[in-house]
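The values are calculated or read from the model by the stated rules, or taken from the named source; none is laboratory data. Owing to the predicted nature of the structure, the values given are computational and were not obtained by experimental measurement. With ideal geometry, Cβ positions are generated from the backbone for all residues, glycine too; neighbour counts draw on all protein chains shown. Surface accessibility is based on the protein's heavy atoms, side chains included, excluding ligands, DNA and RNA. Shrake-Rupley method; radii C 1.70, N 1.55, O 1.52, S 1.80 Å.
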Amino acid sequence: MRKWIAGGDPAEELTKIAEERDSKLVVVGTHGLTGIQFFLLGSVSQGVVRHSRRNVLVARGSDDWSAGPKRILVATDFSDFAEEALRTALELAPDDANIDVVHCWQVPIPPASPIDHWSGSPTLATLSEDVEEHARQHGKALIKQHATDRLNLSYQALAGPPGATIIAYAKRESMRYDLVVTGSHGRRGFRRFFLGSVAEKIVRHA
């Protein structure tokens, strides 16, 4: 184990050192700041998640990981980033671990009111059913692709905005997840301002 002392922005320096050392994983803790504290102090963990091109593990709580994370939640949007996140979860998971893959779907809001069914055009209700079925089929194929006798994989399609829905799902007391895994698109600048970051929201609130 080695130690480095660096001056400057903590998130930027951690990211830089990880690149220089060709690190496979960056591990940071988090205070879980929200509200005015987060606005004034910021978050090193979120900064690392935002800037790092390496996998980042954000540690919170004192769960016993001596046997590895036994219950894992993986968020997916079926992108290449999400695929890599799932593969990472599969590598980290010990034998007989439970991995729940969750996808959040939303129906795009049309610029005008939906056309009634008599016109032959799809209504908002039928569009919602189509989007949900598409999410189910994608998830079914994903689980089939990664199925293994070593692990217990399941899939759930949830309606709602990804960040808030995944956080609420992960916080359910009945589940008690040891680890939440998500990919990151690495959005910065205006794209991050307008689109937000599901990964950063999970780091802040989960």
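Of note:
- Taken over the stretch 69-103, the residue count meeting the criterion of being assigned to a strand (DSSP E or B) and more than 11 Å from the chain's Cα centre (by Cα) is 5.
- Only residues that are small (G, A, S) and either in contact with a Gly (Cβ under 6 Å, 6 or more places away or on another chain) or assigned to a loop (DSSP other than H, G, I, E, B) (or both) were counted in the stretch 125-156, giving 1.
- Residues of the stretch 159-173 classified as of a type outside the set (K, R) and open to solvent by 30 Å² or more (accessible area, probe 1.4 Å), total: 7
- Test set (1) modelled with pLDDT under 90; (2) outside any strand (DSSP E or B) - V28 fails condition number: (2)
- Qualifying positions in the stretch 55-78 - farther than 17 Å from D100 by Cα and open to solvent by less than 60 Å² (accessible area, probe 1.4 Å): V56, L57, V58, A59
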